Structure formats: C-alpha cells, structure tokens
Amino acid sequence: MTIHTRSLCTLGFLFLSLCAFSGCFKNESEVENLLVPRLMIESRSVNYGSVNGTTLRLPVSGSVIAVDKDPIVNEFDIFDVDMVKVDMGIALLIELSDSGARELYRRSVTNKGSRIVFVVNGNALGARRLDSAIEDGKLFTFVEVKDDAIGQLVLDLKASIAEIQTQYQY
C-alpha cells in the first residue's frame, strides 16, 4: 500500500508541476506585426559563386546589394528607432547598444565607401553609404517606404524591439 501511495504522490506532484509551469511558456507574440531589424554590411569581396553572403534588393529603386551573411548589428543591439526630419526628407534614426555601436564604428572605419543596409525580416528597406566613421552609435538612414507608412513602421519597430528584448534570450 505504501508503494501505491508513493506513486500517487509522485504523479500528483508531476501534475501540479506541469500546471504551475505551463503558464511560463508563451508561444504567441504580444506584438501583432513582429519586425526583426538588422544592419548588414555590403560585401567587399568577390565571391565567384561561393556562399559567403547573399544579395538583397531595395523595394523601390531595385538596387541589388551583395551583403555578408551575418549582420553587423542584430535585433538585440538595436535599442530604439525614431523618425526624424533632415534636409533631404524623412529618415530613420537607429540607436544602438554599446556593443552594437562599437561594431558599427569598427565596420564603418574598415568599410568606408561600402553601404550599410537596413533589413527588416530579411527584406532590405534602406541603405546608406559610409562616408565617414560612425562614432556615436546613431545611424541615420533613408528607407524605401512611402512617407505615410514610415510612422507605422517606426511604431511597429519600437513595439517589436521591446518585445524581442524582453521576451527572448540572446
């Protein structure tokens, strides 16, 4: 009889553990339109058919840019995105963490003349040619999105960044 009682206690404990921990796992995102932003660098090497990178096409201009396969800044190092008005129109201001800013600085020094491509969910939205080192971790770039859609893009990016950095581990 003690073996049967012990088995029931074990099963009861397992059941309660499953019930208690089932609320800890979330399969659904709180953000309706989750966007994953990344910064990619234009590849400077000649690939001759190798798989060192990929090509991205900007949606409006149709420019094709060969980029390295790994992002220089990923979604965990992008802290904020804002819409700003500059002399040439509306641009995005992308603010980076300390580690993201260091990597952007390194790459902007060694890849002067190349382009930084702003990618969201694997799709290129904008590119900026590196004319000097970016020392402060703030990247200004224009995106190939209609002006009336930039505001919603920024709101979705802000919500996505908050969701990614609070709900997912790096």
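Label sites at GLN167 and ARG57, each approximated as a point 7 angstrom past Cα along Cα to Cβ, lie 3.2 nm apart. Potential lengthening of the chain between ARG129 and VAL109 amounts to 6.0 nm, from the contour at 0.36 nm per residue minus the alpha-carbon distance. For ASP87 and VAL31, the FRET efficiency from 1/(1 + (r/R0)^6), where r spans their Cβ atoms and R0 equals 35 Å, is about 0.60.
May I ask which of LYS85/LYS158; LYS112/LYS158; LYS69/LYS146 have a Cα-Cα span longer than 23 Å here?
Working: LYS85/LYS158 18 Å; LYS112/LYS158 29 Å; LYS69/LYS146 28 Å.
In this structure, LYS112/LYS158; LYS69/LYS146 exceed 23 Å between Cα atoms.
Just to confirm the filter: which GluC sites (Glu not before Pro) across the range 94-136 are DSSP coil and have at most 13 other Cβ within 10 angstrom of their Cβ? Within the range 94-136, the qualifying GluC sites (Glu not before Pro) (loop, at most 13 other Cβ atoms within 10 Å) are GLU135. Charged neighbours of SER160, selected by a Cβ distance under 13 Å, balance to -4 (K, R count +1; D, E count -1).
Put simply, the convex hull of the Cα atoms in the range 54-109 casts, on average, a shadow of 5.1 nm².
Computed from the coordinates by the stated procedures, all read-outs in this text should not be read as laboratory data. Note that the structure is predicted; figures quoted are calculated from it, not measured. We place every Cβ from the backbone using ideal geometry, glycine too, and count neighbours over all the protein chains shown.
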